[in-house]
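The structure appears right after this line, and notes come after that.
The values are calculated or read from the model by the stated rules, or taken from the named source; none is laboratory data. For clarity, every value in this text was computed on a predicted model and none was experimentally measured. Here the Cβ positions follow ideal geometry from the backbone for every residue, glycine too, while neighbour counts run over all protein chains shown. For the accessible areas, the whole protein counts, side chains as well, though only heavy atoms, and no ligand, DNA or RNA atoms are used. Shrake-Rupley method; radii C 1.70, N 1.55, O 1.52, S 1.80 Å.
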Amino acid sequence: MTTTVANYEIRRAGPRFGAEVTGIDLTAGVDERTADDLRQAFRDHKVLVFRGQHLTPEQHVEAVRIFAEPFDHPTAVKDAAHPLVYPYNVQRTGKASTWHIGGLWRQPVFAIESLTYEVVPELGGHTLWADLQAAYDDLSEPFKGLIESVSAVYDADAANYAQGSKRLGVQETVEHPLVLEHPETGRKGLFLSTSALGLTGVTAQEGKVLLDHLLRHASSPDYTIRFGWKAGDFVLWDNRATWHYAVDDYGDGARVYRKVIGVEPVRQPAA
């Protein structure tokens, strides 16, 4: 289905979630009515892709500001052009080829993550997202009740999440519930990442069985959407309703992008 709003379109990219927005030039900024429409589209679709934007670092920050407050990461390497922009070059910083959620060291985690692609492989280098709310919906009611009071434990050191980090030993931990009620929509979803160190409220053996099952379930192709990239593409996603995986199928090819993070307060569409 395609939704036409004013002179732009929001095209669904999958049956569950994800959309591409065409006809908007984010380099020129947007008026408040358009911003409100985009906030509603983001709430509805969870992942929004804007092709061929070629945003400067400043424009990237302002694009995220439509949806949330740009975040000053305490340990990430910052772009020389803007302190709220974080550059990545996978040949130096490594690849994010695991299913994960951003900002797990923090409570709450990042609300939004976004990327502007600068260099992409000629072939491959796609990104997968999975809908953690849909994955939760498909669990049985008894199983939902079982995991409602269980949390996952993660490394709480922000330095271990910075670009190219050597990830030294875990010194401090943070807990996040396995079931997250979305703070804006109220919809429940799974909330977990492959970097989980263990689960609370259950035995170690029970935790391993539960975590293994949930990781497999939440990464099922049934809940995923896939996007490929060209230089200049811009994408942002709801970090509390989805998790993502950067496909490593392009060998030693180049992949360079910039990240901007959004945190509370998240800007809501008008009632």
Given unit charges at Cβ for Lys, Arg (+) and Asp, Glu (-), the dipole magnitude of segment 95-147 about its Cα centre in debye, nearest 20, is 260 debye
Answer in debye to the nearest 20: the dipole magnitude of the chain about its Cα centre, from +1 Lys/Arg and -1 Asp/Glu charges placed on Cβ, is 340 debye
With a ≥ b ≥ c from the Cα gyration tensor eigenvalues, square-rooted, and the rule rounded for a/c under 1.5, otherwise prolate when a/b > b/c and oblate otherwise, segment 130-226 is prolate
Cα-Cα longer than 18 Å, checked against Lys188/Lys259; Lys78/Lys259; Lys230/Lys259, kept in input order, equals Lys188/Lys259
Quick note, segment 199-257: a/c under 1.5 would make it rounded; otherwise a/b > b/c is prolate and the rest oblate (a ≥ b ≥ c, C-alpha gyration tensor); here it is prolate
Taking GluC sites (Glu not before Pro) in a DSSP loop with at most 10 other Cβ atoms within 10 angstrom as exposed, one finds the longest site-free stretch of the chain at 1-121
Of all DSSP beta bridges with both partners in the chain, the antiparallel percent, nearest 5, is 95 percent
Amide H neighbours of Lys188 at under 5 Å, excluding residues fewer than 5 places away on the same chain, with H built from the backbone geometry, are His182
Only helices counted: for the chain, with every DSSP H run of 4 or more residues adding -39500 (n - 2.57) and the sum spread over all residues, [θ] at 222 nm is -6000 deg cm²/dmol
Gly262 neighbourhood, Cβ < 10 Å, K/R = +1, D/E = -1, net charge -2
So Glu148 and Ala231, fully extended at 0.36 nm per residue minus their Cα-Cα distance, gain in nm 25.7 nm
Rounded to one decimal in nm, the spacing of the 7 Å Cα→Cβ label points at Leu197 and Asn7 is 5.4 nm
Lys and Arg at +1, Asp and Glu at -1: neighbours of Ala80 with Cβ under 13 Å from its Cβ sum to 0
By the Cα gyration tensor axes a ≥ b ≥ c (a/c under 1.5 gives rounded; else a/b larger than b/c gives prolate, otherwise oblate), the shape of segment 1-151 is oblate
If every Lys and Arg gets +1 and every Asp and Glu gets -1 at its Cβ, then about the Cα centre segment 51-176 yields a dipole, in debye to the nearest 20, of 460 debye
Pseudo-spin-label distance Asp138 to Glu172, built 7 Å along Cα→Cβ, given in nm, is 3.8 nm
In segment 78-187, the trypsin sites (Lys or Arg not before Pro) that sit in a DSSP loop and have at most 16 other Cβ atoms within 10 Å of their own Cβ are Lys78, Lys95, Lys166, Arg167, Arg187
Hits in segment 237-271: amide N under 12 Å from the 7 Å Cα→Cβ extension of Glu32, namely 270
Label model pair Val209, Arg92: point-to-point distance (7 angstrom along the Cα→beta-carbon line) in nm is 4.8 nm
Sorted by chain and then number, the residues having a modelled amide H within less than 5 Å of the amide H of Thr173, at least 5 places away or on another chain, are Ala156
With the convex hull built on the alpha-carbon atoms of the chain, volume per residue in Å³ sits at 132 Å³
Percent antiparallel among DSSP beta bridges confined to segment 1-160, rounded to 5, stands at 75 percent
Along the dipole axis of segment 98-186 (charges at Cβ: +1 for Lys and Arg, -1 for Asp and Glu; origin at the Cα centre), the most positive-end residue among Leu128, Ala158, Thr185 is Ala158
In whole angstrom, the spacing between the Cα centers of segment 161-235 and segment 45-107 equals 18 Å
Expressed as a percent, the accessible surface of the chain that is carbon or sulfur, using a 1.4 Å probe and the full set of protein chains, is 51 percent
